[in-house]
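Please read the structure below before turning to the comments.
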Amino acid sequence: MKITINGTSKSIDDTMNIHDFLLSEGYEDKLVAVAVNNHFIARTSYDNYTIQDRDIIEIVAPMQGG
Amino acid sequence: MKITINGTSKSIDDTMNIHDFLLSEGYEDKLVAVAVNNHFIARTSYDNYTIQDRDIIEIVAPMQGG
Amino acid sequence: MKITINGTSKSIDDTMNIHDFLLSEGYEDKLVAVAVNNHFIARTSYDNYTIQDRDIIEIVAPMQGG
Amino acid sequence: MKITINGTSKSIDDTMNIHDFLLSEGYEDKLVAVAVNNHFIARTSYDNYTIQDRDIIEIVAPMQGG
Amino acid sequence: MTQTWDINGAELSSRLFLGTAEYSSLDALRQSIESSAPGLITVSLRRENAAGKGQSFWNIIKEFDIPVLPNTAGCYGVEEAVTTAEMAREVFDTNRIKLEVIGDDYTLQPDPYGLLLATEKLIDKGFEVYPYMTDDLVLAQRLVDLGCNILMPWGSPIGSGRGLNNVYALRQLRERFPDKTLVIDAGLGAPSHAAQAMEMGYDAVLLNTAVAKAGNAPLMASAFAKAIEAGRSAYLSGIIAKQEHATPSTPLLDKPFWHQEKS
Amino acid sequence: MTQTWDINGAELSSRLFLGTAEYSSLDALRQSIESSAPGLITVSLRRENAAGKGQSFWNIIKEFDIPVLPNTAGCYGVEEAVTTAEMAREVFDTNRIKLEVIGDDYTLQPDPYGLLLATEKLIDKGFEVYPYMTDDLVLAQRLVDLGCNILMPWGSPIGSGRGLNNVYALRQLRERFPDKTLVIDAGLGAPSHAAQAMEMGYDAVLLNTAVAKAGNAPLMASAFAKAIEAGRSAYLSGIIAKQEHATPSTPLLDKPFWHQEKS
Amino acid sequence: MTQTWDINGAELSSRLFLGTAEYSSLDALRQSIESSAPGLITVSLRRENAAGKGQSFWNIIKEFDIPVLPNTAGCYGVEEAVTTAEMAREVFDTNRIKLEVIGDDYTLQPDPYGLLLATEKLIDKGFEVYPYMTDDLVLAQRLVDLGCNILMPWGSPIGSGRGLNNVYALRQLRERFPDKTLVIDAGLGAPSHAAQAMEMGYDAVLLNTAVAKAGNAPLMASAFAKAIEAGRSAYLSGIIAKQEHATPSTPLLDKPFWHQEKS
Amino acid sequence: MTQTWDINGAELSSRLFLGTAEYSSLDALRQSIESSAPGLITVSLRRENAAGKGQSFWNIIKEFDIPVLPNTAGCYGVEEAVTTAEMAREVFDTNRIKLEVIGDDYTLQPDPYGLLLATEKLIDKGFEVYPYMTDDLVLAQRLVDLGCNILMPWGSPIGSGRGLNNVYALRQLRERFPDKTLVIDAGLGAPSHAAQAMEMGYDAVLLNTAVAKAGNAPLMASAFAKAIEAGRSAYLSGIIAKQEHATPSTPLLDKPFWHQEKS
């Protein structure tokens, strides 16, 4: 199925939850936050949300700001 | 019945429409506009609107403004 | 003898007064004023002042100014 | 004879020099400077200047300033 | 010598809009209108009793063949402003309305929220809205999106005489809405303030207190009229750029005594 | 409608003094004089050759029945300025002289030292001195002590278009010399600058670059003429005092819906 | 010597809030934080890839025991701003959010409409909102009505270095909200701007570009820190009133040569 | 952290020069010197009687190891100023003299004529002249020609608290005398004024009334000390240029929700 992650489209075969997805993408040791389809997904819900086809996922981390 | 006209309460016995009311109040030859209960009453509707008990009537005329 | 007129040096043979000099230079019909060696020479004195060797003569006319 | 000291006129009998005068006036232990008739008198000249009749003497000390 | 100009299809003879309140007398008002020949005259509505005190004022204004711009002065609520506008349209027989929705007692600042709501309702009802607004760029865009062709940002609070409090913001508005009619409304005190606004490319200036409360209202009215023409002409002519250093106006070419030492 | 005024016994028809240099053409100069009808026209002297290039300029100025004010532009030395003034008096047949003694190349600032020396000499020689000066109060007093009835402080450097650099100092000058004729000379860029000076009670304004170098000189000339009249009228009328807060121009007495809640 | 102060129950060690963007290097950022010891540090969120480029920045910030203020920079939409705030709360483990809802591309002006909507949602979700706002008094009142204890009006557009564009409006805000925490956010260029804001009684100043883009960021950071302390002390001390005329600082009593003529 | 600097060969520990007059008490004076640690302390001379009232003041100043700068405050005449300077040199044992030759009662403006004469005499007598002057460029050049390495232009009239009346003229002075020591003397009211002067590249600031008459003199003294350091650091660091439009401080690269519509 096709999803969009940080503005780039990507294909993933089997459905997985956010937790598995972050592991598979190599974010395990990173300080990040996640939104799916413009809705915030709390860390505590990573296991509960199963990624759907066409999901738009944002993964963000601390950055300089004013 | 009791009505309020330009902020002052007043008693009028029988019901009348705006046209009759303006006559009875001596506005016949004045350039004025009327609102009842915060709604504008066009001249063309003076005959159609019958004043109700507790109506709040505003009668206004041209005045200096900036 | 050598004189300087409006910043340019010039040779004139015989001595002459300012009046003759202006005529010889073609200023007769011009509205001008004259200074010699930084001193103003009034029109009424044109005949009286005889030009000397090394005189520095300024001849000026109306011009735009702010 | 009459002198003026700091704007106030004063009579002193016998002539004296600035040094004696300051002693007699009680300035001995004060940090002051002196001018007579608008001329500065250096400390080193106190003995040399003999006060004259009508002398105008200024005796000044440190004060707040901006 | 003054040129007429077009505002929403109407031809106005002056870029001065003059208020009619606060004059020492109706006569001072009449003379001020005569001496300044404004393009628009602002008027208002007040409660009328049978004695008809408002009629004498109106008779004076009618003498002049100058279009009027009724206001909703003192309205804090949207409904109140809308109903006042409707009454004004009937009384003054014009679709023009200077829409004031006040948001603060001390500064009489326009309420940027109520103003949008009232503007939308009045445009629906066919009014030609002249919004009294702040110098807020986003508010301006919202008003334009609602269909306003005219924007009237304040220079400073009504009657304060402070002039242009935020030249930067007003410059931005002009730059960003080159095709809209921009009018400085409120806060001016001196003709130089009005000239400055016109030099910035504003299309007109609306005044009241600065004229009505001046020592000599008719004279001050004419002063503002001239300053507005002056500022407009300067804008059309093009103003010289500011320089850090001097440049001699009188050319030095052929200056006498050129060889001399400086003293 | 413009009033004439008196300067040292002469009657002038305008409070605008206009310079004649830097125009794109003699025609632009002529039109600018026509459109602004100045009270005085400033002129200068330059070296003349037999071809007589200066004469055509002078023929234009003579057309107008406007008194001229010759200057000593570009003079750095006292003797140079005095001799130039004497030549100007003969050529232009007037005792008036705009005395410039320049003290600095970059700002063309008047030299407060040479200016005093030259003023003294010229007053001895019977000139009516119009001193181009800084806004220095002590210099002003010295000039008045020498017999000057007219003072011409700069607004900012010649041709800079910066307007009034030091409003405080100019206000002090007006306050301290209520009976002298004070003219802002140099540095103005826009009509609002001229209006501001006149609103402060200055008697006249002398301009050149702001008009001559404007996109449309004749139009800008008329703009300044109007702004100067506007500022003068405002000064005579009396300008409202600035307020920190607003005061409604439209009176709230008898406002409709007075009982309503604010939205 | 610097005093700590309380903001919504938290104790801050400085009235300088420092941004972390635009520095020439992370080292320049670290040194600027060290030299200025800000009370709050602003941070942001950006898309992260597996490489984890954001982590090194965060490791530097964590070194300092200074609370962070995450922003929603660049958000134009309400939902976008709210979701960004929620992600920021989780990542930075703080309820504080500097809420930016931008309404204009050129000035980066806060959107007074979206700002209210986003503020309401975020306060519902338990955030402590630091609203980046204009100097609009009515907007300020609406934010306070929604529960904001902190207001952050702009001085001028972000990164413009213009200082305080509308001193009048900012003075009004301070006067009208004496009990709220007011922070000047954005637009300052020089320490004198920050001192001026603090002298007006503002509680703090938020800066970024003026420090990060200065020739020497750590030195400029310390300059702003000092200027903010200076302005705060001046406000607490009480500033002398402006006078039109001079008053001698050195007393003239007992001045020598008092009898003398003036030269 | 504060750096010492060199003035005519002497090393000063601060760029603040502090006056000693007008304090509510000698104790307030002492505390203000302690809290601000000025680089120079200005003092004066007054008539002394046998009681020696001046001595207690001097004992306080002597406690501090700070060089003093005696003034000739209140002198209108050249001879008077010179004799006062000579007395001051003997009493305070320093060649430094702040030369005041006053030309006007209301503004306490320096007399540009007497100042030159007195400066020449005092330099002949071996004094190190610190001339209290206007912002006049030609006067400045004359003083430099006489041998002054230090120039002290006023910001505005003594004690007026107006700040910098003519920023343009002061900027010109700095630009034209890059190698001279320029000190703003008189007229400042708030620390932001001092910071502004230092940001312009002035070398030091001389103050008295703004501190002595503040609500809390010692606190205000420290405020000015910090503001002067802030302004100096900003000047050394380099201040960002003003922009007409905004530039986002938080970079938009990798912003989340980038695809989103604007609300």
| field | Residues satisfying the stated conditions in the range G:76-98, i.e. farther than 19 Å from A:Val34 by Cα and not charged (D, E, K, R) | value | G:Tyr76
| request: Considering only the range D:20-37, state which residues are on the phi > 0 side of the Ramachandran plot and either in a helix (DSSP H, G or I) or at the interface with another protein chain (Cβ under 9 Å from one of its Cβ atoms) (or both). | output: D:Gly26
| task | Would you mention how many residues in the range F:1-59 are closer than 19 Å to F:Ser233 by Cβ, polar (S, T, N, Q) and more than 17 Å from the chain's Cα centre (by Cα)? | result | 2
| Which of the residues that make up the range G:14-60 are more than 12 Å from chain A (Cβ to nearest Cβ), in a loop (DSSP other than H, G, I, E, B) and crowded, with 19+ Cβ neighbours inside 10 Å? | G:Ser14, G:Arg15, G:Pro38, G:Gly39
| field | Residue ID - farthest from H:Ala88 (Cα to Cα), chosen from residues in the range D:38-49 that are at pLDDT 95 or above and either at the interface with chain H (Cβ under 10 Å from one of its Cβ atoms) or assigned to a strand (DSSP E or B) (or both) | value | D:Thr44
| task | With respect to C:Phe21, determine if the residue is among the aromatic types (Phe, Trp, Tyr) and closer than 21 Å to F:Pro70 by Cα. | result | no
| task | Mind counting the residues in the range G:133-147 that are surrounded by fewer than 22 Cβ atoms within 10 Å (Cβ to Cβ) and in a loop (DSSP other than H, G, I, E, B)? | result | 1
| message | Looking at the range H:97-132 only, could you name the residues that are surrounded by fewer than 24 Cβ atoms within 10 Å (Cβ to Cβ) and of a type in the set (D, E, K, R)? | response | H:Asp104, H:Asp105, H:Glu120, H:Lys121, H:Asp124, H:Lys125, H:Glu128
| query | In the range F:110-132, which residues are assigned to a strand (DSSP E or B) and farther than 18 Å from F:Glu80 by Cβ? | reply | F:Glu128
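Can you name the residue in the range E:8-36 that is among the aliphatic types (A, V, I, L, M) and out of contact with any Leu (no Cβ under 8 Å at 6 or more places or on another chain) and, of all such residues, is modelled with the lowest pLDDT?
That would be E:Ala10.
For the range B:1-19, name all the residues that are in contact with a Ser or Thr (Cβ under 9 Å, 6 or more places away or on another chain) and not in a loop (DSSP other than H, G, I, E, B).
If the condition is that a residue be in contact with a Ser or Thr (Cβ under 9 Å, 6 or more places away or on another chain) and not in a loop (DSSP other than H, G, I, E, B), then B:Lys2, B:Ile3, B:Lys10, B:Asn17, B:Ile18 are the ones that fit.
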| said: Looking at the range H:249-259, can you tell me whether even one residue there is of a type in the set (Gly, Ala, Ser), crowded, with 24+ Cβ neighbours inside 10 Å and in a helix (DSSP H, G or I)? | reply: no
| field | Selection status of D:Asp47, among the acidic types (Asp, Glu), out of contact with any helix residue (DSSP H, G or I) (no Cβ under 7 Å at 6 or more places or on another chain) and more than 18 Å from H:Pro70 (Cα to Cα) | value | no
| Candidates H:Ser233, H:Ser192, H:Ser263, filtered to the one that is at pLDDT below 95 and either surrounded by fewer than 23 Cβ atoms within 10 Å (Cβ to Cβ) or of a type in the set (Ser, Thr, Tyr) (or both) | H:Ser263
| task | Could you figure out which of (1) touching a residue at least 60 places away in the same chain (Cβ under 8 Å); (2) within 7 Å of chain E (Cβ to nearest Cβ) isn't true of F:Val205? | result | (2)
| remark: Only one of F:Ile239, F:Ile228 is hydrophobic (A, V, I, L, M, F, W, C), within 17 Å of E:Lys213 (Cβ to Cβ) and either in contact with a strand residue (DSSP E or B) (Cβ under 6 Å, 6 or more places away or on another chain) or facing chain E (nearest Cβ under 7 Å) (or both), namely F:Ile239
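Residues are listed down the side, and each one gets a yes or a no for (1) out of contact with any Asp or Glu (no Cβ under 6 Å at 6 or more places or on another chain); (2) under 21 Å from G:Leu45 (Cα atoms); (3) surrounded by fewer than 18 Cβ atoms within 10 Å (Cβ to Cβ):
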{"site": "A:Gly7", "(1), (2), (3)": "yes, yes, yes"}
{"site": "A:Asp14", "(1), (2), (3)": "yes, no, yes"}
{"site": "A:Ser24", "(1), (2), (3)": "yes, no, yes"}
{"site": "A:Ala35", "(1), (2), (3)": "no, yes, no"}
{"site": "A:Arg43", "(1), (2), (3)": "yes, yes, yes"}
{"site": "A:Gln52", "(1), (2), (3)": "yes, no, yes"}
{"site": "A:Ile59", "(1), (2), (3)": "no, yes, no"}
{"site": "A:Pro62", "(1), (2), (3)": "yes, yes, no"}
{"site": "A:Gly65", "(1), (2), (3)": "yes, yes, no"}
| note | Within the range D:4-61, the count of residues that are in contact (Cβ under 8 Å) with a residue 40 or more places away in the chain and more than 12 Å from the chain's Cα centre (by Cα) comes to 2
| task | Within the range H:87-94, identify whether any single residue is within 16 Å of the chain's Cα centre (by Cα) and outside any strand (DSSP E or B), and answer yes or no. | result | no
| Within the range G:160-194, how many residues are more than 25 Å from E:Thr107 (Cα to Cα) and more than 9 Å from every other protein chain (Cβ to nearest Cβ)? | 1
| task | Could you please find all residues in the range E:61-80 being free of Cβ contacts under 8 Å to residues at least 40 places away in the same chain, over 19 Å from the mean Cα position of the chain (by Cα) and either outside any loop (DSSP other than H, G, I, E, B) or more than 11 Å from chain F (Cβ to nearest Cβ) (or both)? | result | E:Lys62, E:Glu63, E:Phe64, E:Asp65, E:Glu79, E:Glu80
| query | Which one is surrounded by the fewest Cβ atoms within 10 Å (Cβ to Cβ), of the residues in the range F:148-176 that are at positive phi and touching a Gly at 6+ places or on another chain (Cβ under 7 Å)? | reply | F:Gly163
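The values are calculated or read from the model by the stated rules, or taken from the named source; none is laboratory data. As the structure is a prediction and not an experimental result, all values here were calculated from the model. We place every Cβ from the backbone using ideal geometry, glycine too, and count neighbours over all the protein chains shown.
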